[in-house]
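Accompanying notes for the structure given below.
What follows is calculated from the coordinates using simple rules that are stated; it is not laboratory data. Source: prediction; values computed, not measured. Because the Cβ atoms are built from the backbone with ideal geometry, glycine has one as well, and the counts that use them run over all protein chains shown.
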């Protein structure tokens, strides 16, 4: 008896998240788009105009993610769903971090010396980009990769593998002129901060809180750096790294306790 029909049927019924070649292909195409955006930018990474101009790359990535997700995956399996009930125990680190960083941003703006010329239009353009950054990076790393890795290797290994991928992704900034030592700090920092977003996503069974929190956090940090360039460094800028690491280390401890192989988003 021929085994071809059975083999074909098995291939047809394979879950998309179990097709490793497919997940890696999507991932590397997305990374190539991000890298191209960095290489083609006329502005250095430390220039706020880099963030503003990078919106084009983020739109391309968003469009591809939407098409791929609708064609190949069940959106809810990637965390693209409303948060479940009783999520306060998992989202509070994100809420505390974002609330504190936005407060520091407001304080820094209020304390600007009289007569300081602030480009509010540029700030609006920055948040336009960071909204897409939060959407895309959570969709890729806490959505697609985390869901796939947890199916392949279990919850704990899957979550930590997705965190490593998220950190390694930021090494692409070397192509935009970021110094190697700064890139290593970004690698460590994004690993720790990524744990906060992962903890919220897993606990709420949704990416929505993480997406919004990620977008607002990035906006506040970028805009505070722009304000510092106009005047001087402010002590309020220490809120983001200090609180981020404290909350992130706590979330890493909680994530290390994960066990099992069930789908991360419960579907």
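Summary table
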| item | result |
| --- | --- |
| Largest-first principal axis extents of the Cα set of the stretch 88-179 (Å) | 57, 38, 23 |
| 196, 33, 60, 23 arranged by Cβ crowding within 10 Å, fewest neighbours leading | 33, 60, 23, 196 |
| Zone of residue 46's modelled label, taken as backbone nitrogen in the stretch 179-206 under 15 Å from a point 7 Å along Cα→Cβ | 179-186 |
| 85, 205, 157 arranged by Cβ crowding within 10 Å, fewest neighbours leading | 85, 157, 205 |
| Two-site FRET efficiency, residue 72 against residue 121, from Cβ-Cβ distance with R₀ of 51 Å, rounded to 0.05 | 0.85 |
| Separation of the residue 153 and residue 184 label points, Cα + 7 Å toward Cβ, nm | 2.3 nm |
| Euclidean distance of C-alpha centroids, the stretch 167-187 and the stretch 63-77, integer Å | 29 Å |
| Kirkwood hydrodynamic radius of the stretch 128-180, from inverse mean 1/r over distinct Cα pairs, in Å | 11.9 Å |
| Value at 222 nm in deg cm²/dmol, rounded to 500, when DSSP H runs of n ≥ 4 in the chain each add -39,500 (n - 2.57) | -23000 deg cm²/dmol |
| In degrees, nearest ten, helix 4-13 long axis to first principal axis of the chain (Cα) | 30 degrees |
| Relative compactness, the stretch 4-256, computed as alpha-carbon Rg over 2.2 N^0.38 Å | 1.06 |
| Extended-chain gain in nm, criterion 0.36 nm per residue less alpha-carbon gap, residue 233 and residue 59 | 59.4 nm |
| Relative contact order of the stretch 186-267, defined on C-alpha pairs under 8 angstrom at six or more residues apart (%) | 48 percent |
| Over the chain, relative contact order from alpha-carbon pairs under 8 Å, at least 6 apart, % | 30 percent |
| Fewest-first ranking of 71, 237, using other Cβ atoms within 10 Å as the exposure measure | 71, 237 |
| Crossing angle, helix 180-204 versus the chain [Cα axis fit, 0-90 degrees, rounded to tens] | 60 degrees |
| The stretch 194-215 and the stretch 93-126: distance between their alpha carbon centers, rounded to Å | 22 Å |
| Efficiency of FRET from Cβ geometry, residue 32 and residue 96, R₀ 35 Å, rounded to 0.05 | 0.45 |
